[in-house]
Each structure stands twice: as C-alpha cells, then as structure tokens.
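Values quoted throughout were computed directly from the atomic coordinates according to the rules given, and no laboratory measurement underlies them. Treat the numbers as computed from the prediction; the structure is a model and nothing was measured. With ideal geometry, Cβ positions are generated from the backbone for all residues, glycine too; neighbour counts draw on all protein chains shown.
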Amino acid sequence: MFHFMRLSFTFSYLYLLFTFLLSGGSILAQETLSFKSIITSANEKFTEKDYISAKTYYEMALRIKEDDAFSKQRLSETIELIQKQLETQGVFYRYLDQGDQLNREGKLEDALFFYNKALEIFPADKYTLAQADKINKTLEEAANRKQNYNQSMELGDQLLLSQKYEEALVQFNQASTIFADESLPKEKIESTKKLLELQKQKEVSFQQFITEANNQISRKNYQDAIKNLLEALAIIPDDAKTTALLEETRQLLDKSNLYKEALAKADDAYEKKLFEQSITLYQNALEIWPNQPYPADMILRINQSLNSEKYLKEVALKEYLAQANTFYANQQFEDALQAYNKVLEIDPEHKQAGDRLTEISFIISQNKAKQQNEILFAQFITTGDSAMSAGKYEEALADYQEALNIKPDNSDVKIKINNVESLLNKAQALLEKAAAYERIITEADMLLSQNELNNARQRYESAIQIDNTQTYPVDQIKKVDLMLVDQAEKNKANLKYNELIASALKHFEARNLNEARSEYVKASEFKPEDETPHQQIIIIDRMLADEVLSRAKDEQYNNLLDMASSAFDVNNFELAIGKYEEASLLKPEESLPKEKIEQIKLLLNEKLTLAQKEKEFSELILLADSQFENKNYEASLENYRIALGIFIDRQHPSDRIQQIDQIFKEIAAAQALDENYNKLISNADDLFASAEYPKAQTIYNEAIVLKPDEIYPKNQLDKINVIMSDMVKEVELLGVYNEHIAQADQLFNTKSYDQSKERYEKALQLRPEENYPKEQLLLIDESLKLIAEAKAIESRIDKLRAEGDNYFGNKKYTDANAAFDQILLLDPDNSHAQAKKAEIALALASLARENQQRYDEAIADAEKNVGLKEYKLAVVSYKTALGYKPDDTFANTRISQVEAIIQEELLVLKTEYNKFITAADKSYNIKNYDNAIESYLKAENIKPDERYPREMIHKIAQIIEENKIRELNSAATLIASNVSKRFTFEPVDVIERRANYILIKAKNTGNSAFPLIVNFGSASSRNGGFVLPIPASEEYNDFVVRIGSQYKWFSEDNTWIELLPENGEVEVSIIQISKGN
C-alpha cells in the first residue's frame, strides 16, 4: 500500500493525500492550474510506466473536469496496471520473505532455492542476488577453512623455528579460532607463550630498572637514578633512549648541585639582610633551574620588603641626610639647605637636620652681606666643589682657576687646583687601569668557560693585582679552586681506582688471590657502580675455594704416602696397600702409589693364602660398611682401602672409596663457602651497625650470590631499604612542608585567604604537630567570616535590588515596593531604593486609571462578540475585564451566562467528536498512521481545545522522526518554479527499504496551489516518484510518504531525491528518510 501524509507541526490546517487504495481520497487543486498541462504530465508519467504519479495527475485533472471521459478511462487503466504491478511484487516478496526466514534459520540450501525463485520474477534484483551470492560464498568458505587451518599451523611452526614468537602466536591463535576444538593449536599456543615469556623476562627486568630510574628522577634522586640506568644498560647496552636518559640525568645531577649551591649563597645573603645581593643570587638560582617556586617566592618577598612604605622612607631619609652632610661639608649651603628640608619633611623631629638647618640659614644670611666679589668667589668655589664631588674634574678646574683670578694669592684655591690636576691624572690612570682590568677579566672568563682552570686562575690573580677592590675575581678564584679540588678529587679517585685494578690484576695473574681480592674490594669502594670489581671478587672466591680443596687434597695425598711408607717399614703390608690405594684414588695420575701397591701385592701373595685373604677381606668389608653407615668416613675409608688391597678387583670397596672421596670434597667445599659467607656477613653487619648502609648493601648482595637461599642477608637488605626510604621521605617531607608554609605566608600577606588556607592545611597534613599553621588557619577563618558577613549583606542588597528592579520593570509594583523596603532595613540611606519607592507610588496611581479604561474596552468588546454569537471570544474578553477588576460582579455573571450557551453547543458536537476519536485510536493501534491522522484532525476541528488529538498526531510524528535513517536537508531551501533540485544520500540498507517513509516539510511562497513532483533514482537512472499537492498557505506543511511500497525503491540502490515544483515556487526545510517500526 502506498500512502501520502502531510502534517503541519505548527498547528496549522493539515491535509492528507491518499493513493488508490484509500477510500474517499482526493488531491486538492486549484482551477488556476492548466487542465491541459496536467493531462500532458499524466500522459508522460503513463508512458514512462510511472503509474502512481500518472494516477495522481489524472485525479487532479478530474477535479477540474469531473466528466472528462479520457481522464476517467486512463485512470481506470492506470489502477489496473498498478494492481498487476503490486500482485507481481507480492509473489516476489513472498519468495523473498521465505528465503530470508530460512537464511536466518541457517537452512542455506533451502533459502537459496527461494531466492532463485524470486530471481525468476525479478532477475536483476540486487538484494536477492546479494543474498544468493552470500550463501554460495558461505558454502565455499566452509571448504576453505581446513586449508586456512593447515596454512596457519605450518606458518606458525616456521615462525617458531625463527624465534618469532609473537608472530607464531598470531598464527596458532588463528588456527585455534578456525577449529576451536583442536588441541594441537592450544598446545602450540601454551609452549609459544612460555618461550615468549622467557624472552620478555629480560625486557621486564630492563623496564623495572627504567621505571625505578624515572621514579627517582621525579623525586630528584639523580644519583640512584644513574645507578638504575647503568643496571638497565647492563641488560640492553645499546638502548639509545636509555643512554640519552643517562646523559640527561647526569646533567640534571650537575644542575641540581649548582642550584643547591646557588640557593645556599642566596639564603646566606638573605639572613645577613643583604637584600639586593640576595635577589641577584636567587635570580642566579632561577637561571640555573627556571620555574622553581622557592627562589621566585623569596624574590617576591624581598621586593615586597624593599617596596614597603616604611622601608622606602628610611632609605630616602638616609640618602637625603648623606647628600645634605656632603653639601654641608663642601660648604654648598643652598643645596644642603634643600636636602636638610627633605629630611625634615620625612622626619620633622630629626635633631641633626634641624640644628644644621638653623646653622646654614645663619651662614647664608651672613654671606649675603659680603661684597659681590666674595659672592662670586664663593660661587666659583661652590660650583667647583660640586663638580669635584660629582667627579667632573675638568669643570672643577675651570671654576677654581676663575676663583684664583679673583684671589690670585689664595692658597686654598691653589691647593684645590693642585688636587684637581692630581685627580685628573689619577682618573686617566684609573681609566687605563679599568680597561686593563676588563680585558684580563674577559680573558679569564673565556679560559674558565673552556675549562682551562689553572690559566683562568692566573688571569683572575692578574686582575686582582690591577684592582684589588673588585670582588668578582676573588669570587671566581674561589669558584676555580673548588672546581680544581673537585677535579683533583675525581682524578685522584680515578687514579686510585685504576691503580687498585692494575694491582689486583697483577696479583690475580700471579695467583696471589687473597691480595687480588683485597685490591678489588678497595677498588669497589671508589666506584661502587662499576661491576668489574664485584665480578672479579666472585671469580676469586670460587678460585680460593678450589685452592682450598686442592691443598687439602695434596696434604691428604702426602699423609697417605707417609702412612703407607711407615706401614711398609713395619711389614704391615695390608695397611700400606690401603694407604697407597687411597693416595692413588686421590691422584690417579701419580705412578708411585701404583708401583708400591704392585710391590706389596707380590710380597702378600707370597705370605697369605687365598682363604686367609677371603676371611680378612670379608671382615674388613663388614667393619667398613658398619663404619660407613655410622658416617665414620675416615675409619671406613681406611678399611675399604685395606680390603681393596687384598682384592684389587672387588667393586664394592672401590665404589665406597669413591663415595667417601666425593663426600670429603663436598664437606671441604661447603666449609670454604661457609667461611667466605660468614666473613661477608660479619663485615656487612659491622657496616650496618655503623649506619654505612650503601656499603652494607653491596656486601649483603655478595653474600646472597654465595648463598642465594639464605634469608638473613635478604632481610637485612629489606631493613636497609626501609631505613634509607624513611630518611629520604623525612627530608622530602620537611622540604615540601616548608614550601607549603612559604607559599601560604605569601598568599596570606596578599589576602588570598582561600588559597592560603589550602596551603596551610596541606602543611598541617604533613606535620600535624606544628602549631604555626593551626594559628594561621584560625586567623584565616576569622578574616573569611568577616568578609563573608560583609559580602552577604552586600549580596542580599544586590539581590533585592535586582528583584525590585525586575518587579518594577514587569510592573509588579507591590512586590517591587516590598523588595525596596527590605533594602532600606539593611541600608536606610540607600538612595536607589528611596528613589524607586517614589516612582512606584506614581506608577500605582497611573495604573489604576489605565485599568479602568481597559476594563471598559474589554466589556464593550465582549458584548459585541455576544451579539455576533462569537461566544468563546466573548468569554475571553469578559475574563480580560476581570484581569483589570478581579471581583467585578457584572463580568462574572456574563461569563456564567455565555459559558452555559457554549456547553449547550458542545453537547451537540460531543457525539461526533467521540466517533472520530474512536476511529482514530483504532487505526493507531493497528499502526495505520495515515487513517489515524485523518480522524484525529477531524476530531480536532470539532473540538480545537482538546489536547488529545494533537498529542496523538505529535506521537505519530515522533514515531516517524525517531526512526529517521537519512537526513537529506535540514535548512530552508528555496526552489524556483519549474526548476528541479536534487538531494543526494547514501543508499539505504536493503533490509530496511520496504518499511521506508519520506518526510518533506514544505511551504508555498506564492498565492496559488500547485503540484510538487518528487522523483528518486540511482547514479544510472530515474527509478520512480510521486506528486505532492502544495496548498496556497504561508505555513509549513509536513508530507509523509510511504515510499517503501514502490518496488524500484526496494530493488535499486537509490542515491538521490529530486523536487520539481510545477508553476509555483516552494520552500523546503526538511527532507528525511525514516523507517516504520
């Protein structure tokens, strides 16, 4: 079924347009439209087989000429053709629906059958072709899965052999995904993961060192960060990023040391109240490490002190007093008089200035009595002295010579001239000296920047010889000396380290292992971060253990030979053979024991019979076994050897002798290991007790290398870590606390109480026992309370003023008057409130007059509407009159009378209203939205005040709006008469097309109705369309078209909709494609 709906969401009159299956539908048209042009358009659509649009035009033609036979005939033919079209579509859709249902159930072959049946009707239908193709591909994919599985397994095995574990894991996972129940891929995945884990362990260790280094950098613990970075590079030596980070960290360590040194100097100057110098030093610290809060805060604090009024007055007083005394000393009495007056302006009680002022005034008054020559003489002397004081010696010399011209015999003037000339000579010498000084300082600074420390120091000393009053070269020499000491210490340490390493290597090559070990231990103390000494110590410890075993073996061998020789001397051949056998087992490469054994055996063979040997052998074996079981290894070894001397080819004593030898070796090795381990633990414990924790850490770690399973050294290391961490945290905590207090004090002094409070609270959290932040917080709370109270009153007045002004602006004079009364309670002198109250009094009087006039007008208008039987308008006017006189009896009576008339009329319309509402609800419930809208509109026309019809219309519109899937236009677009406008969009999913609606919001910009032709199509062709009647209305109207019922909309990938207004201009604000629910 194909529907048109046009809705006005601006509560304007709404029209509906229905197609051939809706009874009673019609298209409104205007007689002004040309019958001939409509028939022409209809015939064109009919020829193009656009039967739906043709039907619309034929119906419009019959509205103009109801009896036109041609139009009737063609309309009948068009309806028949549409019905046939729909029947064919119905069969197609039934096959398509069956195919879709079977496809969803997974019955692919059956679904394919019905898709093919549908294609027999519409062979080019894209959706059906796509579904059939999808099923064929699915069946093909099943056949390919096994092949893909085998390929993934083979490729995974190849990657595994190439140690590309992650890539192999991808292939095995892919194979497992293809056949989830196969066990082989899972086994391969597990084994590959283990290999990958082993590969990653090294990376994890590396990353742990990097992470710890970054943490230490963030805590500014650069020394430990460098150690961790070196550990990381030991794992992955060529890692460029880590190497770069190591270099950066070393630079940060140097920078941190310089920064701390600069702060220490600045703090020292600040404590000595050398404020100008301390500012320079704090600025030096900021140049080393910018954006640090502490030096910036200190500079701000010092500047505040320097800029305080009291301080500035003190500085100014001292400057003026010094100037005045200088002027006085130089007999520049006028200048001195002004300077002493400035001193008294600052401090009127200043005694020296007052006394001098009196004295100078007297001198000046006396000098005025002198002759003009004396005055002129004094002037030259004064100006000469001033020039002299200002260092203007040439000007002074000229003035003194003028004075000498006046008094040629004045010895004082001559002395002054001699002094000036001397000073001029000295000044020239000083200029030359200063130039030489600056040149040498520049050379020294250049040498220092090039790290030529000794040469730089010599140049600074030369600068001091030129000018020993300058502090800069002295300070630079101190700096150079510190650098030289540091350089010497480093060179000394490196030299000592290299000497110890060389000495240790020499001892090692000479097999002096204990001496070599001692040298390596000393070397490790100079460079704990260097792994070479630690590794060599471990190697030497192993070699020492081997030497202990070797010496024990030699000693045991020689003792056995001695015992065998002694036994042989006293003819105890059995014992001699046993000892020689033991010696031969210890050193199989030695021939002497073997030769002695052969010699003794010959003797024994001559003396003992076989029976005696058997008896003696059995007794010895029985005794030796008992001793062996009781772990009396030395006695059992001796008896086994004697027994083996009787029967050299017996296996049991030989096996037991080998067992005992192995036991002795293990005992000796364990003893050596215990000895070294205990020595290390003892040394480490001593260092721990002396709080030398880093050295203790190193030796505990060496002990763990010897005995990895021992708990004690690990526990000690944990203790050291905790102790050192606590020490760092305490220092960091105190630093952070002081920073918070400094920042809080600064904020408090600038009355930034909220920010200051936050800083004090943070400081108190760090050190709860401190009283200072608690006291400051109490002061802040008191200050904030006073500020809040003042602000509350001010805010209340502002709020009341705004309310009063708003009420006054809205002519709510009573409310405005009350608001201004409250302001005057809070502020009795508030001029704004007083002025407004006067304005309100005038406004209320004027309002009373206006209300009476408007009441009279409203009553007259109401009576007029009653005469015209416009009862609702009359009620509105009576109620308007009540707005001006709320208790008016006449208006209330007339309202009751007119409303009774309205109720009588409403009773007549109620039945018809309910009939349309019932029909509309029924259509809504079965989702027949177009019929529902038509009935709701008819009901609304009967009872326009009822909200229900309009609410239901909006509800239907909302359903269509919520299901929007494409938005082609969302802004007002003007389309000229007989000019087409195309709007493009992405094709709608074929599954959604059959339930599609098109929503078009349009209005007529002219005075006559006209048809709006709507076409749609794809990139290659026009596929269909419909015609909308545009009424002669200035308001927007919304058209809803069920486009999904057109087969070409469903079957083709449509990408555009085109609008063509015939003989009229249209404005379109919305074009949307939606889907039905």
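Here are some notes:
- Relative packing of 941-954, 780-793, which averages over residues the other C-beta atoms within 10 Å, highest first: 941-954, 780-793
- Rounded FRET efficiency, nearest 0.05, which uses the C-beta distance separating D781 from N494 and R0 of 51 Å: 0.25
- Folded to 0 to 90 degrees: helix 772-809 orientation relative to the chain principal axis, Cα: 10
- For segment 238-307, the number of Lys pairs with C-alpha atoms closer than 23 Å, counting only pairs eight or more positions apart or on separate chains, is 5.
- Ratio of Rg to Rh over segment 779-829 (Cα coordinates, Kirkwood Rh, two decimals): 1.18
- Percent of alpha-carbon pairs separated by more than 20 Å within segment 452-513: 51
- Ranked list, fewest to most other Cβ atoms within 10 Å of each Cβ, for S71, S76: S76, S71
- Which of A61, Q73, Y115, positive extreme of dipole for segment 31-124 (C-beta unit charges): A61
- A Förster radius of 45 Å combined with the Cβ-Cβ distance from E77 to E1058 puts the calculated FRET efficiency at roughly 0.95.
- Rg/Rh ratio calculated on Cα atoms of segment 870-980 (Kirkwood radius): 1.19
- Legend: residue pairs K220/K522; K45/K1003; K65/K964, Cα-Cα distance threshold 31 Å; pairs beyond threshold, K65/K964.
- Amide H contacts of K964 (H built 1.01 Å from N, under 5 Å, at least 5 apart or other chain): K1075
- Remark: the chain carries a charge dipole of roughly 3820 debye about the Cα centre, counting +1 on each Lys and Arg Cβ and -1 on each Asp and Glu Cβ.
- Fraction in percent of alpha-carbon pairs per bin - 10 Å, the chain: 2, 5, 7, 7, 8, 8, 9, 10, 10, 9, 8, 7, 5, 3, 1, 0, 0
- Distance between the 7 Å Cα→Cβ label points at N851 and T984: 6.7 nm.
- Taking the Cα centre of segment 240-327 as origin and assigning +1 to Lys and Arg Cβ atoms and -1 to Asp and Glu Cβ atoms, the resulting dipole is close to 100 debye.
- Ranked by how many other beta carbons lie within 10 Å on average, peptides 1054-1060, 1031-1037 from highest: 1054-1060, 1031-1037
- Relative to the longest principal axis of the Cα atoms of the chain, helix 183-218 runs at roughly 70 degrees.
- Our note on the geometry: Cα centres of segment 136-207 and segment 939-1005, 54 Å apart.
- Of K55/K927; K927/K981; K631/K714, pairs whose Cα-Cα distance is over 29 Å: K927/K981; K631/K714
- Residue separation of I663 and V474 scaled by 0.36 nm, minus their Cα-Cα distance, works out to 60.6 nm of gained length.
- Among S278, S256, sorting on how many other beta-carbon atoms sit within 10 Å of each Cβ, with the fewest leading, yields S256, S278.
- Residue order for T984, T280, fewest other beta carbons within 10 angstrom first, comes to T984, T280.
- Positive-end residue, segment 780-844 charge dipole about Cα centroid, Cβ charges, pick of N810, H832, S795: N810
- 3J(HN,Hα) couplings calculated from phi for segment 156-173 with the Karplus curve 6.51 cos²θ - 1.76 cosθ + 1.60 (θ = phi - 60°) are, in sequence order, x, 4, 5, 5, 5, 5, 8, 6, 8, 5, 5, 5, 4, 4, 4, 5, 5, 5 Hz; Gly and Pro show x.
- Among F508, L198, S176 the positive-end extreme of the charge dipole of the chain (Cβ point charges): S176
- For G1025, the residues whose modelled amide H falls within less than 5 Å of its own, excluding neighbours fewer than 5 places apart on the same chain, are F1016.
- Amide N of segment 928-968 lying under 14 Å from the label point, which is placed 7 angstrom from the Cα of N914 along Cα→Cβ: none
- Scattering profile of segment 238-307 at q = 0.16, 0.19, 0.22 Å⁻¹ [log10 I(q)/I(0), Debye over alpha-carbon scatterers]: -0.57, -0.70, -0.85
- In segment 680-828, the ratio of gyration radius to Kirkwood radius, Rg to Rh, stands at 1.50 when only Cα atoms are counted.
- Modelled spin labels at K433 and E951, positioned 7 Å past Cα toward Cβ, are 10.6 nm from each other.
- Viscosity 0.692 mPa s, temperature 37 °C, Stokes-Einstein D of segment 558-697 from Kirkwood C-alpha radius, µm²/s: 192
- Between I711 and K791, the modelled labels are 6.1 nm apart [label points 7 Å from Cα along Cα→Cβ].
- Cβ-placed point charges (K, R +1; D, E -1), dipole of segment 787-906 about Cα centre in debye, nearest 20: 100
- Each principal axis of the Cα atoms in segment 420-536 has its own extent, and those three values, largest first, are 84, 21, 19 angstrom.
- Ordering of 829-839, 214-224 by packing [mean C-beta count within 10 Å, highest first]: 214-224, 829-839
- Taking the centroid of alpha carbons for each part, segment 611-633 and segment 236-256 are 70 Å apart.
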